[in-house]
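Report on one structure; see the data block that follows.
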Amino acid sequence: MLKQRLASGLMIVLVLIVATQWAPSVLALLIIASLSCLGQLEFYSMCRKTGITVFAVPGLLAGVALITVTFFTIGPSADSMANAYRWEQVVLFAGLLVILLRQLPRGADGNAMASISCSLLGIWYVAYTLNFFTRLVFRWDQCLTGVGVGTTGCRLVLYLVLVVKITDVGAYFTGRFLGKHKAFPRLSPKKTWEGVAGGIVAAVISSMVFVTAVGGSFGAITIGWVHAIILGLLLSFVGIVGDLFESLLKRASGVKDSSNAVPGMGGVLDVLDSLLFGTPVLYLYITCFLD
């Protein structure tokens, strides 16, 4: 199992590097939209296992539309940012309206509120958070569909994935060899406080190493050591929260993994769980304190 996890993890990292470094920017759109669809399908599948009826098609369409409008409207100018925000609100409201209309013919059946809530949560939990990847990649560099991703987007994505996934690796090995005190037995019995501490330390170190390696330069963004330490702490914390939240969903639906799409790792959500919360935090931190 460990060999499968390492092989799958290496393959994902290689695909990510190729997509961000050499592929045209439109491929990034296709990758993000595809991951959103797969993640939403896994989420809706878990909902169905609990007996909740969900409206997957409107949810998927809203998710893809959200990512697409951000890709085509966002950019480094203030007008681009405002335009992207307007269109994102249009898509989110349209998704809400369509799902409500979809429920009306069914009437107030036993799980109407659960159906509406879970259908909307699929958009917000997966597509909305994943769309911060789109923002992270294309916010600071003007990228046309025929050219590659800009320097800022490349470095920010690589930095994010490194820090968040190093948190997972550090927590896994620290917990395996030193873990004694269970941290969240009702959600994730194998997680220990020693593992949590090891993951946070690993994240801070990897953040500082990456920032040092690039001289603090992320294209249009500069990150110093103080911010590197803070981001290491924040990203590791929300990454752990994201992992625990997905564990809660899996326990509620009675499944071990969200799917078997990724050998040794489970489903797409099992791979993305920590990144779904880490990506918005990195983007918002940069726009609030560094932009």
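List the pairs from Lys182/Lys250; Lys165/Lys256; Lys190/Lys256; Lys49/Lys190; Lys49/Lys256 whose alpha-carbon separation is above 22 Å, in the order I gave them.
In this structure, Lys49/Lys190 exceed 22 Å between Cα atoms.
So what is the 222 nm mean residue ellipticity for the chain from helices alone, if each DSSP H run of at least 4 adds -39500 (n - 2.57) and you divide by all residues, rounding to the nearest 500 deg cm²/dmol? Can you show the working numbers first?
Values: 10 runs with 206 residues, N = 291.
Rounded to the nearest 500, the figure is -24500 deg cm²/dmol.
Arg186 to Val209: FRET efficiency via 1/(1 + (r/R0)^6), r the Cβ-Cβ distance, R0 30 Å, to the nearest 0.05?
On the way: r = 35 Å, r/R0 = 1.16.
So, using R0 = 30 Å, E works out to roughly 0.30.
Using 7 Å Cα-to-Cβ label points, what is the Ser80/Leu284 separation (nm, one decimal)?
2.3 nm
Hey, which aspartates and glutamates would be in cross-link range of Lys191, C-alpha to C-alpha under 17 Å, not counting anything within fewer than 8 residues on its own chain?
Correct list for Lys191: Asp168, Asp243, Glu246, Asp257, Asp270, Asp273.
If each residue of separation counts as 0.36 nm, what is the full-extension length gain between Trp193 and Asp109 once their alpha-carbon separation is subtracted? Provide the component values of the computation, followed by the final result.
Values: separation 84, 0.36 × 84 = 30.24 nm, distance 4.34 nm.
Stretched out fully, the Trp193 to Asp109 stretch lengthens by 25.9 nm.
Tell me the relative contact order for the chain as a rounded percent, counting alpha carbon contacts under 8 Å between residues six or more apart. Spell out each step's value before the answer.
Values: 439 pairs, mean separation 62.0, N = 291.
Relative contact order comes out at 21 percent.
Which residue fluctuates most in the GNM of the chain (Cα springs below 10 Å): Val209, Val268, Val196?
Val209
Fewest to most neighbouring Cβ within 10 Å: what's the order for Trp87, Trp193, Trp140?
Details: Trp87 18, Trp193 14, Trp140 23.
Neighbour counts put them in this order, fewest first: Trp193, Trp87, Trp140.
Using the basic label-point model (7 angstrom from Cα toward the beta carbon), what is the Arg102 to Leu61 distance in nanometres?
In this crude spin-label approximation the distance works out to 0.9 nm.
Taking the alpha carbon gyration tensor of the range 109-200, what are the square roots of 5 times its eigenvalues, largest first, to the nearest whole Å?
Details: eigenvalues 210, 149, 9 Å².
They are 32, 27, 7 Å, listed from largest to smallest.
Which of Pro24, Pro185, Pro76 ends up with the largest GNM mean-square fluctuation for the chain, with Cα atoms connected below 10 Å?
The residue that fluctuates most here is Pro185.
Binned at 10 Å from 0, what are the whole-percent values of the Cα-Cα distance distribution for the range 134-265, short to long?
Using 10 Å bins, I get a P(r) of 12, 33, 31, 19, 4, 0 for the range 134-265.
When Lys49, Lys180, Lys165 are ordered from fewest to most other Cβ atoms inside 10 Å of their Cβ, what list results? Can you show the working numbers first?
Working: Lys49 13, Lys180 8, Lys165 21.
With the sparsest Cβ surroundings first, the list reads Lys180, Lys49, Lys165.
On the first, second and third principal axes, largest extent first, how far apart are the outermost C-alpha atoms of the chain in Å?
Sorted from largest, the Cα extents of the chain read 59, 52, 31 Å.
Peptides 56-63, 216-223: what's the order by average Cβ count within 10 Å, highest mean first?
Working: 56-63: 21.1, 216-223: 17.1.
Going by the mean number of other Cβ atoms within 10 Å, highest first, we get 56-63, 216-223.
Using Cα springs under 10 Å in a Gaussian network model of the chain, which residue among Leu269, Leu121, Leu29 shows the largest mean-square fluctuation?
Of Leu269, Leu121, Leu29, the most mobile in the Gaussian network model is Leu121.
Over the range 24-148, how many percent of alpha carbon pairs lie in each 5 Å bin up to the one with the longest distance?
Distribution as computed: 2, 12, 21, 20, 17, 11, 8, 5, 3, 1, 0 percent.
Which length gain, in nm to one decimal place, applies between Lys49 and Leu233 when the Cα-Cα distance is subtracted from 0.36 nm times their residue separation? It would help to have the intermediate numbers written out before the result.
Values: separation 184, 0.36 × 184 = 66.24 nm, distance 3.52 nm.
Separation in residues times 0.36 nm, less the Cα-Cα distance, equals 62.7 nm.
Return a whole-number percent for the relative contact order of the range 24-148, with Cα pairs under 8 Å and 6 or more residues apart as the contact set.
Numbers: 143 pairs, mean separation 53.5, N = 125.
43 percent.
Gap in Å between the Cα centre of the range 98-121 and the Cα centre of the range 31-81?
One Cα centre to the other: 18 Å.
If you average the alpha carbon positions of the range 244-291 and of the range 178-197, how far apart do those two centres end up, in angstrom?
The two parts, judged by their Cα centres, are 18 Å apart.
In which sequence would Glu246, Glu88 go, from the one with the fewest C-beta neighbours within 10 Å to the one with the most?
Working: Glu246 27, Glu88 21.
Starting with the residue having the fewest Cβ neighbours, the order is Glu88, Glu246.
Where a number appears in this text, it was derived from the coordinates with a stated rule and is not lab data. Given the structure is predicted, the values throughout are model-derived calculations rather than measurements. Ideal geometry is used to build each Cβ from the backbone, glycine not excepted, and the neighbour counts take in all protein chains shown.
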